[in-house]
1. How big is D, in µm² s⁻¹, for region 91-250 by Stokes-Einstein at 25 °C and 0.890 mPa s if Rh is the Kirkwood radius over C-alpha pairs?
2. State the answer as a single residue: which of P212, V68, T198 lies farthest towards the positive end of the charge dipole of the chain, with beta carbon charges of +1 for Lys and Arg and -1 for Asp and Glu, about the Cα centre.
3. With labels modelled as points extended 7 Å from the Cα through the Cβ direction, what inter-label distance (nm, one decimal) is found for D156 paired with A93?
4. According to a simple spin-label model (label point 7 Å from Cα along Cα-to-Cβ), what is the distance in nm between R79 and E62?
5. How would E162, E62, E20 line up from fewest to most surrounding beta-carbon atoms within 10 angstrom?
6. Would you mind calculating the relative contact order of the chain from Cα pairs under 8 angstrom and at least 6 residues apart, reporting the percent as a whole number?
7. With a cap of 12 neighbouring Cβ atoms within 10 Å, and only residues DSSP puts in a loop, list the trypsin sites (Lys or Arg not before Pro) found in region 91-190.
8. I'd like the distance between the alpha-carbon centres of region 178-207 and region 40-119, rounded to an integer number of Å.
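Values in this text are rule-based calculations from the coordinates and carry no lab data. Note that the structure is predicted; figures quoted are calculated from it, not measured. Every residue, glycine among them, receives a Cβ derived from its backbone with ideal geometry; neighbour counts consider all protein chains shown.
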Amino acid sequence: MDPPSWTRKRTSSSADRRVELDVRFRVAGREPEIWRPESGRIEPASYAVDSTRTRVRLPMTEHDAFFVVFRRAMAKDARELPAVTRTTLATVAGPWRVAFAPDLGAPPAIVMPELASWTASADSGVKYFSGTATYTHTVRVPSSWRGRRILLSLGDVRDMAEVTVNGVAMPLLWKAPFETDVTGALHSGANRIEIRVTNEWTNRIIGDRVAPPGRTVLAQGGPPPFGARPQIPSPSGLLGPVRFIAVESR
């Protein structure tokens, strides 16, 4: 049987911060690429040949996972990519308007002076809300940002987010880092940012267990909690900080 024409290796990180790893693969003669399954993006990687192995430098974000693919013949024995710098251009402060999906116990909309978990609200409909809520804010972008690659970083999200910038929808964000490239959607002047955040159903189940009779939201609540200890709802919503970050090679 002929050997495969290319090799694929899965690589993952359990770290809760950005790390850079030097990994040695038992592959020779083929250059490495990083394949990201969540976006389909293919990226080159820095490497150097070490005897019969290839040492690859892998920059990894929090809890990252991707494939390292060796499919093309090497043009040379080493490749050093330019260093990438990240510069925070602006942090998006409040207030944020937050509109909640109807018929799920929350008010139609609230204004949040600053980002916080829904569970910190004194309104039980917000505190125990489960579903999708839409954050909206208008941001003014200076002309000096033109020509730069810009990411919108959402910071901490519980649990998934969909970003729309000036009506242009971005890919679903379901894991850290909650970042998306908004370069093509931004323009100088006012920009409308919409962030749809969806959490789990756990909080609404907990809320229905402590709600007075006739005030539950779900048609059928979950099983009673174990023991007498009250259950605590999980942090939910857009926690931030929300920032615009310029990514550049040097």
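1. It diffuses with D of about 145 µm²/s by this estimate.
2. It is V68, whose Cα lies furthest towards the positive end.
3. 2.1 nm
4. So the label points at E62 and R79 sit 3.0 nm apart.
5. So the residues, fewest neighbours to most, are E20, E62, E162.
6. Taking the mean separation of contacting Cα pairs over the length of the chain, I get 21 percent.
7. R146
8. First find each Cα centre; the distance between them is then 15 Å.
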